[in-house]
Amino acid sequence: MDIDPFGLERWFAEYEHEADVMLAESGIRSLEADRFDLDPGAVGYVIPTNGDPEFRARVGDRYGRSASEVVFTCGTQEANFLTFLALVASADPVGDEGIGSGSHAVVVTPTYQALHAVPEAFGEVTRVELSPPEWRLDPDAVADAVRDDTAVVVVNNPNNPTGRYHDEGRVREIYDVAVEHDAYLLCDEVYRLLASDPQEPVASFGAHGVSTTSLTKAYGLSGLRFGWIAGPEPVVERAWRWKDYTTISPSIFGQHVAKQALGRREDRILQENRELADGNRERIAAWVDRHGLEWYDPASVNAFPTVPEGFSDAREFCRTVVEEAGVVLAPGDLFGFPDRFRVGFGHRREVLEEGLDRVSAVIEAHADDAEETDGRDDSAVVNGGS
């Protein structure tokens, strides 16, 4: 088994530490720890290791599922990883534990690299590309890509990096495609609750729906590394079996704070975060318009605009911005689109303002340089130069 280097993480490793402003971060700003009781008691393992049964039952209620249909994980990353292990890397005979056999995945892209790189490491992946400018999900294209050996169809909604919130009707259509082929629909829903009117989660659709998420992007609690899988019991049980070989249990601190964040504090946290996202969305929209860039107005806190004129591609643009202005952006080639870049706008307003102002200065300086170069070239032609 081999896996591709995680391009986005390698980019962050190269530039994030020395930069002043991180505008490539794709979540909402982090909450302060003093909003929570931080004493979980004895610092031991979470017992049972799939999570507190009472708390799992509370989370399961959100999906119309039971405690046995939820397993707690270390963030959405582990939730997705364990789901792929359960569905793609576990080729048991058809019918064993109620899970079909298959090593093929259909993945809607562009998306977070782990959602296609991990199943590619275990089996085979067919990508179904979204197309700009609307990035609209096409159920027919998904249906054409599904095969008899397809174990899972993968989508993240709202989409990363485009910010597109796929219509629930279209998502239900691809769920039906998965059901027809005895496959599962895995939906990474880590941005779902940032939307003012969140759609129903995929795990609530029926026996073939699996939802993964965490408290990272919508709640501003990335440091907890607390997430979960919600879905049919055979899939969750098999994922838990694999978890015994990864992190064993979620963090005791993560579970302790998560109980509070998903309790009486939840409505206030989500209201604050949605208001921040909505206000910053207006700011980023004005900035994109100012520079004449194309984009899709996002439902999450990621924007995926086109690269400004004067730069050959996103990699050159993002490298210039971080080296000249100390601002980290994410080049779109990491998502398969070298003519675009990802900018996160879930930051505190003052951080976003400073970062965008610095990026504007780089764009304008290079536009001036281009005009001066064009002027010199024109002068040379007028004076007989070649």
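Side notes on the structure shown:
- Highest mean first, the peptides 195-207, 324-336 sorted by other C-beta atoms within 10 Å per residue fall in the order 324-336, 195-207.
- Take the chain with all the other protein chains still there, run a 1.4 Å probe, and you get 42 Å² of accessible area per residue.
- Relative contact order of the chain, defined on C-alpha pairs under 8 angstrom at six or more residues apart (%): 23 percent
- Axis angle, to the nearest 10 degrees, between helix 266-290 and the longest C-alpha principal axis of the chain: 30 degrees.
- The stretch 285-303 residues near the modelled S360 label - backbone nitrogen below 16 Å, point 7 Å along Cα→Cβ: 285-293
- Pairwise label distance in nanometres, R241 with D197, each label 7 Å out on the Cα-Cβ vector: 4.3 nm
- Prolate/oblate/rounded call for the chain, Cα gyration tensor, a/c under 1.5 rounded: prolate
- Take every Cα pair under 8 Å whose residues are at least 6 apart in sequence, average their separation, divide by the length of the stretch 1-149, and the relative contact order is 19 percent.
- Angle between the chain longest axis and helix 314-325 axis [Cα atoms, degrees, rounded to 10]: 70 degrees
- Whether the stretch 1-115 is rounded, prolate or oblate, judged on the alpha carbon gyration tensor where a/c under 1.5 counts as rounded: oblate
- Highest-first packing order for the peptide set 31-38, 244-251, 293-300 is 293-300, 244-251, 31-38, based on the mean count of other beta carbon atoms within 10 Å.
- The stretch 180-237, relative contact order [Cα under 8 Å, separation at least 6], %: 31 percent
- Protein accessible area in the chain, 1.4 Å probe - carbon and sulfur %: 46 percent
- Shape class for the stretch 1-55: oblate, because the ratio a/c of the largest to smallest gyration tensor axis (alpha-carbon atoms, square roots of eigenvalues) is 1.5 or more and b/c is at least a/b.
- Segment A57-E275, extension gain: residue separation times 0.36 nm, minus the distance between their alpha carbons: 75.5 nm
The values are calculated or read from the model by the stated rules, or taken from the named source; none is laboratory data. Given the structure is predicted, the values throughout are model-derived calculations rather than measurements. Don't worry about glycine lacking a Cβ; one is built from the backbone with ideal geometry, like all the others, and counts go over all protein chains shown. For accessibility, only protein heavy atoms count, side chains too; no ligands or nucleic acids. Shrake-Rupley method; radii C 1.70, N 1.55, O 1.52, S 1.80 Å.
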